[in-house]
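Colleague: Below is the structure I would like to discuss, written out as structure tokens.
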Amino acid sequence: MIGGGTQVFALVGRPVEHSLSPALYNPLFEQLGIDAVYVAFDVAPERGGELAGAIRTLGLAGVNLTVPHKAAILDDLDATSDQVDLARAANVVVRDGERLVGHNTDGEGFCRAWEARFDTPLAGVRVVILGAGGAARAVAASLAGRGAAALTMLNRTVSRAEAFLSRLGAGHDGIDLRAGALDRGAFARHAASADLVVNATSGGAAPTIAGWSIDALPAHATWADLNYWMDDPPLLEACRERGLRTWQGLDMLIGQAALAFELFTGRVVDPARMRGGLDDAS
Ligand code: NAP
């Protein structure tokens with residue numbers, strides 16, 4: 001029963017109407033006897049500056065931030081984790097009285113989901129990341145932390161990738177870091193040495209990426225696409241047809257949500273149990 005003391009957690013983003021997050025959190029609150037509810041708020045990009053005030057005023061217990069709100073809130077937070085400082089993006093905000101603390105579980109969620117799904121270690125991996133937005137930066141930072149050997153970041157706005165990689169390089173010796181344009185030629189130059197390609201661009205980049213050739217990718221390469229919500233992510237099917245390993249972002253979504261659940265409630269949850277909420281909702 002929702003009552004006066006029920007804690008409210010929320011996803012904040014745009015769009016959110018097809019979000020899977022309420023189905024991930026609410027069944028667990030019920031199963032674990034936690035008096036809390038999880039809802040989704042559609043908030044326009046230009047209202048991002050009002051979010052911290054809204055969380056404090058309404059007394060929301062915690063929020064997940066998604067596109068386009070992961071960066072605008074940073075200056076209004078009272079404390080941020082190292083992952084947030086490196087990625088310059090927060091996907092989780094926890095309220096502690098008047099204090100708002102920002103975390104980023106995207107990168108660790110990606111890596112833990114990978115480790116649960118595949119035997120292939122991430123240490124030593126050579127990665128091409130498409131995109132330099134909040135998700136790309138978080139995943140790149142965690143892959144560097146896992147000991148990736150090389151990380152090439154291709155982005156429409158190359159300066160954004162360069163700025164991030166110079167921060168990342170300051171804390172990670174020995175990793176080969178390169179930035180380039182999000183185009184066919186740059187991808188072709190880096191594909192042959194890639195063990196893993198991660199598409200962390202949002203939907204608008206799909207037509208660009210869909211026109212590239214995957215011929216240069218080695219046969220052992222994995223193509224991962226974070227866009228769990230896309231019916232036909234660019235090149236994913238082409239990679240599958242070529243016999244490459246492919247991985248879409250639902251595992252990561254659940255992985256980052258399980259870590260957020262722990263930050264919200266202090267309770268460790270098995271991602272497989274969280275996935276059950278989706279099965280029940282479908
Ligand atoms: P973001 O910060 O807005 O970054 C968007 C990225 O896409 C940037 O690199 C941007 O390039 C690029 N981009 C956007 N439109 C483009 C276009 N028309 N042409 C070329 N490049 C374009 O978003 P985000 O938070 O990183 O999220 C990225 C995607 O990952 C989203 O679709 C999101 O749903 C997904 N995601 C999934 C999970 C999961 O758990 N599976 C978690 C987080 C995010 P510029 O820098 O040049 O603008």
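The values are calculated or read from the model by the stated rules, or taken from the named source; none is laboratory data. Predicted, not measured: the structure shown is a model, and the values here were computed from it. Note: ideal-geometry Cβ built from the backbone for every residue, glycine included; neighbour counts use all protein chains shown. Keep in mind that these areas ignore ligands, DNA and RNA; they rest on the heavy atoms of the full protein, side chains included. Shrake-Rupley method; radii C 1.70, N 1.55, O 1.52, S 1.80 Å.
Colleague: Given (1) closer than 30 Å to D279 by Cα; (2) part of a loop (DSSP other than H, G, I, E, B), identify the lone condition not met by V198.
Modeller: (2)
Colleague: Between a first residue in the range 234-251 that is more than 26 Å from T105 (Cα to Cα) and open to solvent by less than 30 Å² (accessible area, probe 1.4 Å) and a second residue that is at pLDDT 95 or above and of a type in the set (V, I, T), which pairs have beta carbons less than 7 Å apart while being 6 or more apart in sequence or on different chains?
Modeller: Once the first residue is more than 26 Å from T105 (Cα to Cα) and open to solvent by less than 30 Å² (accessible area, probe 1.4 Å) and sits in the range 234-251, its partners that are at pLDDT 95 or above and of a type in the set (V, I, T) give L235/I209; L235/I214; C239/I214; C239/T246; L244/T222.
Colleague: A further question on this structure: Kindly establish whether L263 is touching a residue at least 60 places away in the same chain (Cβ under 8 Å), in a helix (DSSP H, G or I) and open to solvent by less than 50 Å² (accessible area, probe 1.4 Å).
Modeller: No.
Colleague: Criterion first (more than 14 Å from the ligand (Cβ to nearest atom), in contact (Cβ under 8 Å) with a residue 60 or more places away in the chain and in a helix (DSSP H, G or I)) does L168 satisfy it?
Modeller: Yes.
Colleague: Which numbered condition trips up D78, out of (1) away from the ligand (no atom under 16 Å from the Cβ); (2) within 29 Å of N199 (Cβ to Cβ); (3) open to solvent by 30 Å² or more (accessible area, probe 1.4 Å)?
Modeller: Evaluating D78 over (1) away from the ligand (no atom under 16 Å from the Cβ); (2) within 29 Å of N199 (Cβ to Cβ); (3) open to solvent by 30 Å² or more (accessible area, probe 1.4 Å) leaves (2) as the failure.
Colleague: Go through the residues of the range 203-225 one by one and say whether even a single one is more than 11 Å from the ligand (Cβ to nearest atom), among the hydroxyl-bearing types (S, T, Y) and loosely packed, with under 15 Cβ neighbours inside 10 Å. Talk me through it step by step, then tell me what you get.
Modeller: Our first condition is that a residue be more than 11 Å from the ligand (Cβ to nearest atom); within the range 203-225, this holds for 210-223.
Checking the rest, the ones that are also among the hydroxyl-bearing types (S, T, Y) come to 213, 222.
Right, trim to loosely packed, with under 15 Cβ neighbours inside 10 Å and you get 213.
Yes, the range 203-225 contains a residue that is more than 11 Å from the ligand (Cβ to nearest atom), among the hydroxyl-bearing types (S, T, Y) and loosely packed, with under 15 Cβ neighbours inside 10 Å.
Colleague: Here's another thing I want to ask about it. Within the range 19-27, is even one residue open to solvent by 10 Å² or more (accessible area, probe 1.4 Å), among the aliphatic types (A, V, I, L, M), under 30 Å from A148 (Cβ atoms) and within 12 Å of the ligand (Cβ to nearest atom)?
Modeller: Yes, the range 19-27 contains a residue that is open to solvent by 10 Å² or more (accessible area, probe 1.4 Å), among the aliphatic types (A, V, I, L, M), under 30 Å from A148 (Cβ atoms) and within 12 Å of the ligand (Cβ to nearest atom).
Colleague: Mind listing whichever residues of the range 129-160 are near the ligand (Cβ under 8 Å from one of its atoms), part of a helix (DSSP H, G or I) and crowded, with 21+ Cβ neighbours inside 10 Å?
Modeller: Of everything in the range 129-160, those that are near the ligand (Cβ under 8 Å from one of its atoms), part of a helix (DSSP H, G or I) and crowded, with 21+ Cβ neighbours inside 10 Å turn out to be G134, A135, A136, R137, A138.
Colleague: All but one of (1) more than 23 Å from A90 (Cβ to Cβ); (2) exposed (fewer than 15 other Cβ atoms within 10 Å of the Cβ); (3) among the hydrophobic types (A, V, I, L, M, F, W, C) hold for A170; state the number of the condition that does not hold.
Modeller: (1)
Colleague: With L58, L51 as the choices, which residue is out of contact with any helix residue (DSSP H, G or I) (no Cβ under 6 Å at 6 or more places or on another chain) and open to solvent by less than 20 Å² (accessible area, probe 1.4 Å)?
Modeller: It is L51.
Colleague: I'm checking my understanding of the structure. Among residues of the range 186-202 that are among the small types (G, A, S) and within 12 Å of the ligand (Cβ to nearest atom), which one is modelled with the lowest pLDDT?
Modeller: It comes out as S202.
Colleague: Looking only at the range 173-188, count how many residues are surrounded by fewer than 18 Cβ atoms within 10 Å (Cβ to Cβ) and under 19 Å from A135 (Cα atoms).
Modeller: Count: 2.
Colleague: For the range 238-245, does any single residue satisfy the condition of being within 19 Å of S81 (Cα to Cα) and assigned to a helix (DSSP H, G or I)?
Modeller: Scanning the range 238-245, I find no residue that is within 19 Å of S81 (Cα to Cα) and assigned to a helix (DSSP H, G or I), so the answer is no.
Colleague: Confirm whether M252 is within 24 Å of P22 (Cα to Cα), modelled with pLDDT under 95 and within 16 Å of the ligand (Cβ to nearest atom).
Modeller: No.
Colleague: Tell me which helices (runs of 4 or more DSSP H) are completely within the range 20-118 and hold 1 or more residues being under 17 Å from the mean Cα position of the chain (by Cα) and more than 25 Å from R167 (Cα to Cα), or say none if there are none.
Modeller: Numbers: elements: 21-31, 51-58, 82-87, 106-117.
Here the list reads 21-31, 106-117.
Colleague: To continue, here is another question. Report whether or not F118 is within 13 Å of the ligand (Cβ to nearest atom) and open to solvent by less than 50 Å² (accessible area, probe 1.4 Å).
Modeller: So F118 fails the test.
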